[in-house]
């Protein structure tokens with residue numbers, strides 16, 4: 001019995017090493033393939049109610065972004081909305097300012113306030129969750145003021161969806 005187990009393990013190891021040595025076509029970049037593989041697996045693992053959460057941005061660098069359509073609150077020209085992002089598992093470094101041990105991040109939820117008229121925003125509350133849905137950290141930014149929204153950014157895309165189209169072209 002032990003001999004069969006050893007034989008199976010050796011056979012499995014030798015078969016995988018042969019496969020690993022097969023050259024990739026010249027156009028394939030192994031790093032890109034693996035990144036896509038991890039990104040696609042991460043996308044499949046997202047469990048959000050699609051009737052409640054609407055996708056508004058998706059990039060392999062920063063991950064897919066969603067906003068909560070049921071908790072959207074309007075107060076004059078200001079809109080408050082919950083936003084969540086699922087960072088690419090191998091590209092979490094861009095979020096290290098939110099959580100220093102960024103490799104543990106699975107999901108980040110931002111309470112986002114947008115002033116539609118002034119094209120400004122702030123994020124007074126940020127929650128970072130790990131791979132076991134545990135809360136890694138919660139950051140309160142109530143003391144920070146509003147920042148300008150730069151054109152063609154993720155927050156600008158969100159602004160155009162929840163505030164509606166601009167009545168006139170913005171000038172810089």
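The values are calculated or read from the model by the stated rules, or taken from the named source; none is laboratory data. Being a predicted model, the structure only gives us computed values, none of them experimental. Please note: Cβ atoms are built from the backbone with ideal geometry, for glycine as well, and neighbour counts cover all protein chains shown.
In contact with a helix residue (DSSP H, G or I) (Cβ under 9 Å, 6 or more places away or on another chain), more than 18 Å from residue 61 (Cα to Cα) and surrounded by 17 or more Cβ atoms within 10 Å (Cβ to Cβ): which single residue out of 129, 121 fits that description?
After ruling out the rest, the residue left standing is 121.
Has the stretch 113-125 got at least one residue that is within 23 Å of residue 50 (Cβ to Cβ) and either in a strand (DSSP E or B) or modelled with pLDDT of 95 or more (or both)?
The answer is yes; a qualifying residue exists.
Restricting attention to the stretch 78-94, which residues are out of contact with any strand residue (DSSP E or B) (no Cβ under 6 Å at 6 or more places or on another chain) and surrounded by fewer than 19 Cβ atoms within 10 Å (Cβ to Cβ)?
Selection gives 89, 90, 91, 93, 94.
Please work out which residue is surrounded by the most Cβ atoms within 10 Å (Cβ to Cβ), limiting yourself to the stretch 153-166 and to residues that are without any contact (Cβ under 8 Å) to a residue 40 or more places away in the chain and within 17 Å of the chain's Cα centre (by Cα).
Filtering first and then ranking leaves 156.
When the stretch 95-112 is examined, which residues are found to be out of contact with any strand residue (DSSP E or B) (no Cβ under 8 Å at 6 or more places or on another chain) and either closer than 14 Å to residue 42 by Cβ or in a strand (DSSP E or B) (or both)?
103
Just need a number here: residues in the stretch 100-118 that are in contact (Cβ under 8 Å) with a residue 40 or more places away in the chain and either within 17 Å of residue 67 (Cβ to Cβ) or buried (at least 17 other Cβ atoms within 10 Å of the Cβ) (or both).
Residues in the stretch 100-118 being in contact (Cβ under 8 Å) with a residue 40 or more places away in the chain and either within 17 Å of residue 67 (Cβ to Cβ) or buried (at least 17 other Cβ atoms within 10 Å of the Cβ) (or both): 3 in total.
Looking at (1) free of Cβ contacts under 8 Å to residues at least 12 places away in the same chain; (2) out of contact with any helix residue (DSSP H, G or I) (no Cβ under 9 Å at 6 or more places or on another chain); (3) in a loop (DSSP other than H, G, I, E, B), which is the only condition residue 150 fails?
Result: residue 150 fails condition (2) only.
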